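Nothing in this text is a laboratory measurement; each read-out follows from the coordinates by a stated rule. It should be emphasised that the depicted structure is a prediction, and the values quoted were computed from it without experimental measurement. Because the Cβ atoms are built from the backbone with ideal geometry, glycine has one as well, and the counts that use them run over all protein chains shown.
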Amino acid sequence: MTADALLPDLAARVRDMAHSRTPACRCGATGTLADRPDGTVVRHEDTVAKAHAPGADPAALARRLAAAARLPDVFLPPLDPSPAGLHDRLVTFWPYGVPVDPDDPDAAPWEAVAALLARLHRTPAPVPLPAMRGPAEAARAVTRLRALGPVPAAGPVLRAWAALPPWARAEAPMPDGTTLCHGDLHLGQLVRVFGGSWRLIDVDDLGVGVPAWDLARPAAWYACGLLPGEEWGRFLDAYRAAGGPAVPGGGDPWAVLDVPARALTVQTAARMIVKAAADGRHPDEVERSVIDACARMAAVPPRPAHASAG
Amino acid sequence: MQCPKCRAPMHTYNRNGVQIEQCSGCRGIFLDYGELESLTRLEAQWSQPAPPAPPAAPQAYPATPQPPAWGAPHGGHYGHHGRHKSFGRMLFSS
């Protein structure tokens, strides 16, 4: 199959699914919401279809999908409880939810996402699940950075990566093998459903692991000086208020956030350097602030909170 | 009274409730019995540690925890008005 064949066939599948849900479909255009190497997402009216990344593990995706279906208060529930096949890809179907407006990040629902994460982290896994894929994705970004060859900005990023404990580099099991985690939290992973409440989307990295990973991307943005402290505080306070178990209820949260926030800062820096190189430009101001944070990590070894934690 | 040292007239002053005589010529000071102790007591009160500062005025939001040791220098890169487009993209991507 060529990449060109996927999109029209996926569009046909999403139209079929939409019409099976709503026979009297208004039948507007079918839109492409995302078309990236890690997934293609199309929408027809109130129905969405996602073609998952090539090579996705069918058994693991089926378990992740089943878990999301059992957690309708946290995840957008899938329309079909098992993935379908389309060419060499796995396809899942979802109701459409309204995302956070990327042009208005100030409207980010920090309290809502914190409450969803706290609920997810407190819920026992409803089905046996593989490991949360956050560290594996970070490792993949670093592998791509290495493949770039010698780039000046890469030095401090690779050194910061090397200083991390093996579990954070996906080279050893995570110290927590039971807590449910999203695995790839960012503001694009939230949608508003009918009635106005928010749900998490994207089950590709869902699994069991260290729940601080799900807090660590906002933590990293804050540490890099990019996310204002007020917003980081709103997120952290709301997570604690909702009884989230990833960080202690009070005091310094960095004992557990330090390692995952470093790993996600490295992952972000690695992707940014690769992207800047592909665009044939130098890293911009924001990208430099993430690379600079990696450089500062050299002076302070990672905190060993998870080294001995069971 | 006259200054025992230079014989100029001495004037009485009240310093924090303690009467002292000071010479109008050489500025020397004469203390009566117990006045030195009174001044020492007063001095001790002044040099005690200041009472704890009143709690900081409530902020618009509870004080945020400090960033980690490798965090950005004070202030960071963000501003109150308008975010960098690149940061906006970052918030929405892996």
Neighbouring partner chain Cβ atoms per residue of A:222-234, average, 10 Å criterion:
6
Just to confirm my numbers, what's the Cα centroid distance between region A:114-189 and region A:240-305 in Å?
11
Two-site label geometry, A:Ser20 and A:Ala112: point separation in nm, points 7 Å out along Cα→Cβ:
2.9
Local electrostatic count, A:Cys294, Cβ distance below 9 Å [Lys/Arg +1, Asp/Glu -1]
+2
Provide the FRET efficiency to the nearest 0.05 for the B:Ile29-B:Arg7 pair, computing r from the beta carbons and using R0 = 22 Å.
0.90
Students often check this: by mean Cβ neighbours within 10 Å, which of A:10-19, A:84-93, A:99-108 ranks highest, and how do the rest follow?
A:10-19, A:84-93, A:99-108
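When only C-alpha pairs under 8 Å and at least 6 residues apart count, what is the relative contact order of region A:233-310, in percent?
The value is 33 percent.
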So how far apart, in nm, are the two label points at B:Arg89 and A:Asp252 if each is 7 Å from Cα heading toward Cβ?
3.6
Three-way shape label, region A:1-93, alpha-carbon gyration tensor, a/c 1.5
oblate
For chain A, set up a GNM with springs between Cα atoms under 10 Å and report which of A:Val203, A:Val42, A:Val113 has the largest fluctuation.
A:Val42
Under the classification rounded if a/c is under 1.5, otherwise prolate if a/b is larger than b/c and oblate if not, where does region A:95-147 fall, given a ≥ b ≥ c as square roots of the Cα gyration tensor eigenvalues?
oblate
Per residue of A:284-295, other chain Cβ atoms within 10 Å number on average 4
Relative contact order (%) - chain A, alpha-carbon pairs under 8 angstrom, separation at least six
18
Assigned charges on the beta-carbon of Lys, Arg, Asp, Glu; region A:105-308 dipole about Cα centre (debye):
380
Kindly identify region A:154-310 as rounded, prolate or oblate by the Cα gyration tensor criterion: order the square roots of the eigenvalues as a ≥ b ≥ c, call it rounded if a/c is under 1.5, otherwise compare a/b with b/c, prolate if a/b is larger, else oblate.
oblate
